1. Would it be correct to say that N49 is among the polar types (S, T, N, Q), under 23 Å from the mean Cα position of the chain (by Cα) and more than 21 Å from D421 (Cα to Cα)?
2. Output the residue which, of all residues in the range 405-456 that are of a type in the set (K, R) and without any contact (Cβ under 8 Å) to a residue 12 or more places away in the chain, is nearest to the ligand (Cβ to nearest atom).
3. Starting from the range 514-538, take each residue that is closer than 24 Å to V449 by Cα and list its partners that are hydrophobic (A, V, I, L, M, F, W, C) and not in a helix (DSSP H, G or I), counting only C-beta distances under 7 angstrom and pairs at least six apart or across chains.
4. Only residues that are part of a loop (DSSP other than H, G, I, E, B) and more than 30 Å from E382 (Cα to Cα): list them for the range 1-54, please.
5. May I ask you to say which residue of N246, N255 is more than 14 Å from the ligand (Cβ to nearest atom), out of contact with any helix residue (DSSP H, G or I) (no Cβ under 6 Å at 6 or more places or on another chain) and of a type outside the set (K, R)?
6. For the range 178-208, which residues satisfy the criterion of being within 28 Å of the chain's Cα centre (by Cα), within 13 Å of the ligand (Cβ to nearest atom) and part of a strand (DSSP E or B)?
7. Any chance you could count how many residues in the range 448-473 are more than 19 Å from L486 (Cα to Cα) and modelled with pLDDT under 95?
8. Just one of L486, L493, L465 is among the aliphatic types (A, V, I, L, M), buried (at least 18 other Cβ atoms within 10 Å of the Cβ) and without any contact (Cβ under 8 Å) to a residue 60 or more places away in the chain; which is it?
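The values are calculated or read from the model by the stated rules, or taken from the named source; none is laboratory data. Keep in mind that what you see is a predicted model, and the values were worked out from it rather than measured. Cβ coordinates were reconstructed from backbone atoms using ideal geometry, including for glycine residues, and neighbour counts include every protein chain displayed.
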Amino acid sequence: MPTYNAPVEDMMFLFNKLRNNKNYNDIEKYKEVSSELVKNILEEAAKINQNIILPLAKSGDENPTILENGIVRTPPGYKEAYSKYIEDGWTSLSCDLKYGGQGMPKTVSIFFDEMLSSASLSFKLYSELSIGAYNCISHHATEEIKDKYLPKIVEGKWSGTMCLTEPICGTDLGLLKTKAQKQSDGTYKLTGQKIFITSGDHDLTENIIHLVIARATDSPSGTKGISLFLVPKFTVNNDGSIGARNGVSTGSIENKMGIKGSATCVLNFDDAVGYMIGPKNRGLNSMFTMMNLERIIVGIQGLGISEIAYQNSLSYAKERKQGKTNNSKVTNGADYIIGHADIRKSLLNMKSIIEGERALCFWLSQQTEVSLNHYDEKIRLEAANIVSLMTPVVKTMFSDMGMEITSEAMQVHGGYGYTKDQGIEQLYRDNRITSIYEGTNSVQAADLVFRKLVNKNGDIINKYLELIKNDCNIQNEKTKPFVKELNYHIDILSNFTTWIKEKIKNSKDDASAACNDYLKALGFVAIAHAWMKVLEVSFKDYDNNKSFYEDKIQTANFYFKRVLPRAEGHFKTAITGSDYIMNFKFN
Ligand SMILES: Cc1cc2nc3c(=O)[nH]c(=O)nc-3n(C[C@H](O)[C@H](O)[C@H](O)COP(=O)(O)OP(=O)(O)OC[C@H]3O[C@@H](n4cnc5c(N)ncnc54)[C@H](O)[C@@H]3O)c2cc1C
């Protein structure tokens, strides 16, 4: 089984040294979130993840969730761990004090999300969608619904789901068939089938609150006729107690490649009582509140899995002896594989991407808080534009890099990585879903290019490029080679942006065939921007923690030499166009 040590030191470094951001500092309610408090939270988080949740990864993989006589049973150990998890208040970490939450900012909760993803993604998913449901209800529901449902979700006694997918409707939600018939008391009755529903049913909570998209019987076809409904597994009485079983049942659970401890359910809705959330026919807009925040969290899932894959690869490379290194001093036997240049390169590739991603995510979590909580509407809007631009990048980049990193981890482990012994192949399998759910990565890339580069608020990408150029204006000689390299790639990204915007107007297939490349180029530059912020502190504060900062500087050096240049490769392949792709005759 893989071991795991939560990277609390790196997280605290980001919180302590990279938090100083004017707009974020303006948010009154977070002024009291001190370094000591955050350190305590992260140390406790490390304990529960390392000691209680990590062992569930193996048990969930070996004893997948089952459907038995209509009841979905989670793997051994899940119930006990979940009780402890909610008793310690982890479901309430980032929720509003009004509903019993702890009111911690996302600059803290993202670290918990990462740790939980490292320990067990399957276990994480049971509470993750609950936070998604919490966000959606708190943004769009009436006060009455909020008061009735949110405290129990925050407490973790009730969980949440997100029900979009149907057999014929995956990416294209306009095709959905689930119907909602209005009743005389203002409620609706929902009928239809949803598939692939994460945590759709299970035995961990007293109730499950489904957020379901459906079409009211008098609504138009397509996406313009979709509304959002809250459908509880058990109806809830006026006093908040649990009432009768609603018309929702589990048809089956999926047999999957990975995340086997997570219940992925087929749910049948038969005249199930539902309550409309938000305006009629605007259901997708309301659901996107849940999905946008959720997409960043899916990126963090990739980051968390990458971290545990890296940690175990590093330990293995230090204890496995094979072959002689080029400068070997061994006469009998072999050297540790960590001495081989190729293994070292793999380890540094993993480490430099992971630490850069973590720094980028921390920066984005600040932008998210500013977009939600700053007192100045203009500043809120600017931050919201950055978050909207970067959401598909984080989701796609981090999940795809998770595949690269878990694959490299398997390679470092050789045959022991492919067989089940070390638990590495499970990380690869578990991570694979992150590129598919919450909108496939290709669709994220299309969303970035066709919808996010420019919107009614202006030219977002160029504002972002300006912002990172300004951030590179660092008065420190030692950062100069890094700044030069980053500026070179910002120019490439600028050219790529001009090219793709032109293609959006004149040759949509060229643009479509380039979306994934564009997203990757932007992702590599965005991670380099995050590294610049780390480097600025590392050079300035060097004497106070030499070994830590030297490690950062050398890791960044690898990133700038070996990883960032991949952005240019994406540019070069993309601008070859798409004629030869679209005209190819598949037999
Ligand atoms: C384990 C698991 C958990 C899930 N959890 C949930 C959940 O909790 N709630 C929920 O509602 N759903 C859930 N899903 C469903 C998931 O979100 C969908 O599988 C995903 O959105 C893709 O839909 P699809 O599988 O129908 O693929 P399709 O939409 O059929 O896509 C097939 C391929 O075509 C590509 N494609 C489709 N449209 C376009 C386009 N316009 N341009 C370019 N390429 C395109 C896709 O990128 C993909 O490669 C889950 C799925 C799994 C496997």
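1. Values: among the polar types (S, T, N, Q): yes; under 23 Å from the mean Cα position of the chain (by Cα): yes; more than 21 Å from D421 (Cα to Cα): yes.
It is true that N49 is among the polar types (S, T, N, Q), under 23 Å from the mean Cα position of the chain (by Cα) and more than 21 Å from D421 (Cα to Cα).
2. In the first step, residues of the range 405-456 are kept if they are of a type in the set (K, R); the result is 420, 429, 432, 451-452, 456.
Among the residues that remain, those that are also without any contact (Cβ under 8 Å) to a residue 12 or more places away in the chain are: 420, 451, 456.
Numbers: K420: 21, R451: 12, K456: 23 Å.
Among them, the one singled out is R451.
3. From the range 514-538, the pairs are F524/L564; A528/L564.
4. Here is the first cut: in the range 1-54, the ones part of a loop (DSSP other than H, G, I, E, B) are 1-7, 18-21, 26-27, 31-34.
Within the range 1-54, M1, P2, T3, Y4, N5, A6, P7 qualify.
5. Values: N255 fails: more than 14 Å from the ligand (Cβ to nearest atom).
Within the list N246, N255, the selection yields N246.
6. Within the range 178-208, Q193, K194, I195, F196, I197, T198, I208 meet the criteria.
7. Of the residues in the range 448-473, the ones more than 19 Å from L486 (Cα to Cα) are 448-460.
Still in the list and also modelled with pLDDT under 95: 451-460.
Here the count works out to 10.
8. Numbers: L486 fails: without any contact (Cβ under 8 Å) to a residue 60 or more places away in the chain; L493 fails: without any contact (Cβ under 8 Å) to a residue 60 or more places away in the chain.
The conditions single out L465.
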